[in-house]
Every structure is written in C-alpha cells, then in structure tokens.
1. Principal axes first, then extents: for the Cα atoms of segment 103-161, list largest minus smallest coordinate on each axis, whole Å, largest first.
2. How high is the FRET efficiency between residue 190 and residue 283 when r is their beta carbon distance and R₀ equals 35 Å, given to the nearest 0.05?
3. State, as an integer percentage, the relative contact order of segment 131-259 based on alpha-carbon contacts under 8 Å between residues 6 or more apart.
4. Tell me the mean residue ellipticity at 222 nm calculated for the chain from its helices only (DSSP H runs of n ≥ 4, each -39500 (n - 2.57), averaged over every residue, nearest 500).
5. Quote to one decimal, in nm, the extra length available between residue 178 and residue 248 on full extension: 0.36 nm per residue of separation minus the C-alpha distance between them.
6. Determine the equivalent ellipsoid of segment 176-279 by diagonalising the alpha-carbon gyration tensor, then write out the semi-axes as square roots of 5 times the eigenvalues, largest first, rounded to whole Å.
7. Using the number of other C-beta atoms within 10 angstrom as an exposure proxy, rank 264, 29 with the fewest first.
8. Quick one: order 261, 41 by neighbouring beta-carbon count within 10 Å, fewest to most.
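What follows is calculated from the coordinates using simple rules that are stated; it is not laboratory data. Just so we're clear, the structure is a prediction, and the values are computed from it rather than from any experiment. No Cβ is skipped: glycine too gets one built from the backbone with ideal geometry, and neighbour counts run over all protein chains shown.
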C-alpha cells in the first residue's frame, strides 16, 4: 500500500508516498480501509519538530484520524465493510496513523458511524468535532443563554465550535488576528480583529473557548464575566506553557479556568455528535480537498496556512466517485 512514512523533520514540500506492506491484523486491533482523513495542526507539529522526540516511534505514518470501512474486524464486534471513524489514542505517534491506504488501529478507538454525508465531509468531523464538542460541553458546560467568545475562530476547530454553538442558540463572538479573514466569521454574531488585548472591549462574555492558547490566556480570563468559564484547548499562538503562572493573581475572582484534551473519545459521545449534526443539518466546513496522490500539496498548503477550514484528503479518485454515486 501507499503511505507517508516519516523519520525526520519534513516540510510539506518534501513529503513523498512510499510503498509499505499492508499491516497484519492482530487481536484487539482492526484493519481499516481508509477512505479519507482530515489533517490537523498536531500533525504539522509532528512533521516540523516533534518527530525528533524519543517517544515517537520511527519511522512513523502520521495521522490522528480517519474515516473508512472495516477491512478485517479481527476479534472485535465490527463487521467487514462497516462504516467507521477512528481518532486519537496514539494514532500517528505511538503507532502508525491514517496517512495510508490501510490503517491497523486499536478497536477501542474505532467507532461505528451512521451518516449519509460524503467521505470528504465525514473526514472533517472526527477529531475536530469531538474536540469542539468536548470543549463546549465538558469544558464550558455551554448553554443556549451563553455568550461564547471563540479566540482563534478561523481554524477548523473554531468553525466547528461556531456551528455547534449557534445551533444550540448561543450568541457567538469569534476572533481572528488577520483582518482579511474577518469575512470568514460571518456565521458568528460578531467578528473581532484580535490584537491580543480584548479585555475591556467586550461585554457579557460568559464562556471563552481559547484556541490561541497561553499567548492570550491572561487576556481571555479578564474578558470573562464573573461566574464564567475559560476552556483552553488550542495552541495556535505557538506558546504552549506559561512561565511563573500565579493562579491567585492571574485568575479573576469568580472566573473558572479549565481545558480539554481529546485523547479519550467514546462511542456514546461520537453518537451524540453525529446525531446533533444530523438534527441541525450541520455540514462541516471543508477548507480544501486533495487526493492522496497529492498529499505533498496538501501538507504544503497546511504549512503555509492556505486553507480556510479543514484540509481533507481522499484516498483516491475512485473513492471520490463512490461518494457521488
């Protein structure tokens, strides 16, 4: 089969497809025929630096999510040909991931899905919507009467959070640090150009989804009304940790700080997500689509931030035709 195989720091322009054996199935794991996969910021981090870390199995096939069909169910409860999504649990870091025609994955991180969406659209859902869902409901306890500030709204996760929050009935304020991207936030009630200092310029914010990360976290805490919650989920700002963080001084009285990590998906939550999307007629925002043969171009576009929304890769032209049939 064809796959992307990494053993060193690799820019998008240097990505190549390699012929590797189709994985042999083993107990507790299932073989998935990958129909499509979404690309994620964490895979860019892996390619451009994390690949050098000792805890990364090398060479490694990257990719933390995919959608496809069961090719070999092994000893799981799945059936051959069943439509599934897979995400996280070590994909693309501890074991080979989804940038391949087939993926051998632990059955506990593979989930059945029922949806009439195309493979392209399905590929934009698993990791992005699971993270948005967990951040909004587990992290923020989002309710219809909330005013939600999404810091870093023009990423795939930001777009998904806007769609879910608006469907719930919330007032949504979304930010971008690039003026030319303000029109991309049209689904939000208010689009704001983010200069890093928004405290005192916004009113009524009860919940904050912090996707820029530690770089703007202090400011986000001071944008929030008493009794409100800030959920730190992303690191788009490139700063992953705070030095000399003093929670007593930095967290305003009565404001709560939490986070969300997407490494523990369940069938129950995935069912809730697909049900919610279906009930509200939500179609994921796909920023760019590529065939697997053009994975180099997809990774290059990711490196340069050229896609407004999720980058989705379909395995082959034939798979694309299947979706339209």
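1. The principal-axis extents, from largest down, are 40, 23, 21 Å.
2. Details: r = 23 Å, r/R0 = 0.66.
Once rounded, the FRET efficiency stands at 0.90.
3. Details: 279 pairs, mean separation 29.6, N = 129.
Worked out over segment 131-259, it gives 23 percent.
4. Numbers: 9 runs with 76 residues, N = 325.
Calculated mean residue ellipticity at 222 nm is -6500 deg cm²/dmol.
5. 21.9 nm
6. Working: eigenvalues 120, 79, 45 Å².
The three semi-axes for segment 176-279 are 25, 20, 15 Å.
7. Values: 264 12, 29 23.
Listing 264, 29 from fewest to most nearby Cβ atoms yields 264, 29.
8. Ascending number of Cβ neighbours within 10 Å: 261, 41.
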